[in-house]
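Values quoted throughout were computed directly from the atomic coordinates according to the rules given, and no laboratory measurement underlies them. Bear in mind the structure is a predicted one, so any value in this text is a computation, not a measurement. Glycine gets a Cβ as well: all are built from the backbone with ideal geometry, and neighbour counts include every protein chain shown.
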Amino acid sequence: MNWGNNNKKKVWITTGKIGIFKTCPYRYRKLYISMDTPKKEWKPNPNYENLSKNIKKKIEESSKIFRGRIPTIIENIDPKDERFDEKTLLDFERELNEFISENKFSEYKQYEKPKFIEYSDNFGLLAKPDFTININKIPTAAFISNSKYVKIKENLEYDMEHLLNVWTLRKKFSEIKRILYIFPLGKKLLWADIDEGDFENGEEEIRKFINDLSKSNFQSGRNPFCDWCDFQDNCPAWKGYPFTIKKEKRKVIPRLSYSKLDLYKRCPFAYKKVYVDKIPQKARDFFSTGTTVHNVMEEIEQLDIPLSVNDIHNIYLKKWESPGFISKEDEAEQKKAVWAWFEKYLKEIALNPFKKAKWTELYFQFPIKNKVMVNGFIDRIDKNENGKYEIIDYKTENMIRSQEDVDSDMQLTAYSWAAKKLGMEVERLSLHFVRFQKNIYTTRTDADIERFEKEVSEWFDKIETEKEFPPKKNKYCDHCDFKEICGI
Ligand code: SF4
Ligand code: SF4
């Protein structure tokens, strides 16, 4: 395996690199192995640089190590820069002030350069804390992020960036006992102790990444970030794609997936929290179960020869997703229980008889009225002997929907609409209720598809002009992360 380092230097792993590999191995190879990207001059965003400097300075001043004027965090920042508007910064500054007044700081140390940690002969990792400081005598490493996507405590044990930070800090700065994340744009501070379990999980993630990389055939995979990728114009995954608008426009047009629209329809308040305020949803066992089943199906559906149930069980164990279970015991029980119904589905439907899929997890994106880009992934598409197509969506929910519900299901209409744009004639669509080994079939007409465009256009206008984002009671409220704050 060529690690892209001509065997003299190490490959330096960062979370960003792992993220790129997971999204598209082909892009990873282009960027870090064949290195055929035209080098672009990198210019730091002066507003972010200033903001970052001011946050460090403010904490530094509070540590009483350096005397002098305490800057405000909006100093030198252009409030017209929409990412750093004055209200956002003032809100964040209040939180930072509170944090500073509640804690005692000492021994501030700023890091200009990343620290390198050797992992093996071929690999190393980078640690890039912005500074370290004692907070209430606890040595802490701080990371300032310019992302709007904040982290939440409940998900840290599954957060790749956090696990890698824990791993590298524990190796390189063993005196550090805590991490502080600073999110000026998300108006949030979050800290977490360096945890032994997270360290081990971090090591496991690194091992897994190295293993996957060594076996990879670097396939390209269309995804929602492709319009920002330098290789899109010559990418095999997009060859012959019927684009209707230019790349520059594609980058700025708002995007609306079916799940995004569905959340808005169910509850505008929850939509705002997730998609406007960018608050990540807590990991849940039912999300993990769904991901496991989808990932196993994706692995087996495109094989020429079917695997045995035993082999699939091994894949299932390897692909099992752990986030969101309340305890190890509960997870172990669920792992058995989920396999019991999944095995039944495999024996009764997926392998009876086995049929190779034409496509799995097919990504599509098409604009409506050139004002909104509707995008999504289709679980599975089969090509029938008559040349027509069949669309399948897997459902792992714990109830079966009625025929009427499936006939009017907007997600299936969206898939039918996208398939038509991709030049396929869809014969039928179905939802596979894996837990119940039951498939419900339906069809869509051209009139349905036309109506879909009109409906989505109207929903999009409504979201764009929405001011209130009111909460709306619905059947999913019991599992909602925001039920304590929505007032319902
Ligand atoms: S355009 Fe998309 S599929 Fe192609 S290399 Fe880039 S990220 Fe991968
Ligand atoms: S609990 Fe509140 S925020 Fe969550 S879905 Fe229900 S109404 Fe909406």
Helix 285-301 versus the longest principal axis of the chain: what is the Cα-based angle in degrees, 0 to 90, to the nearest 10?
60 degrees
Inter-part distance where segment 268-295 and segment 180-235 are each reduced to a Cα centre, Å
18 Å
So how tilted is helix 309-319 from the main axis of the chain? Cα-based, degrees 0 to 90, rounded to 10.
30 degrees
Just to confirm the number: angle between the C-alpha axis of helix 328-345 and the first principal axis of the chain, 0 to 90 degrees, nearest 10?
20 degrees
Got a sec? Charge dipole of the chain, +1 on Cβ for Lys and Arg, -1 for Asp and Glu; which of Thr168, Met399, Phe116 is way out at the positive end?
Phe116
Hey, what did segment 242-488 get for relative contact order, percent, Cα under 8 Å, at least 6 apart?
23 percent
If you split all Cα-Cα distances of the chain into 10 Å bins from zero, what percentages do you get per bin, shortest first?
3, 15, 25, 28, 19, 8, 2, 0
Can you give the FRET efficiency for Asp233 and Glu450, using 1/(1 + (r/R0)^6), R0 = 25 Å, r = Cβ-Cβ distance, to the nearest 0.05?
0.20
Rg over Rh, two decimals, segment 242-488 (C-alpha only, Kirkwood Rh)
0.97
Taking just the alpha-carbon atoms of segment 314-428, what radius of gyration and Dmax come out, in angstrom?
17.4, 51
Do any GluC sites (Glu not before Pro) in segment 452-488 lie in a loop, going by DSSP, with at most 10 other beta-carbon atoms within 10 Å of their beta carbon, and if so which?
Glu468, Glu484
Within the chain, helix-based [θ] at 222 nm, where runs of 4 or more DSSP H residues each add -39,500 (n - 2.57), nearest 500:
-11500 deg cm²/dmol
Residues of segment 117-145 with the amide nitrogen closer than 16 Å to a label point 7 Å from the Cα of Glu107, along Cα-to-Cβ, please.
131-142
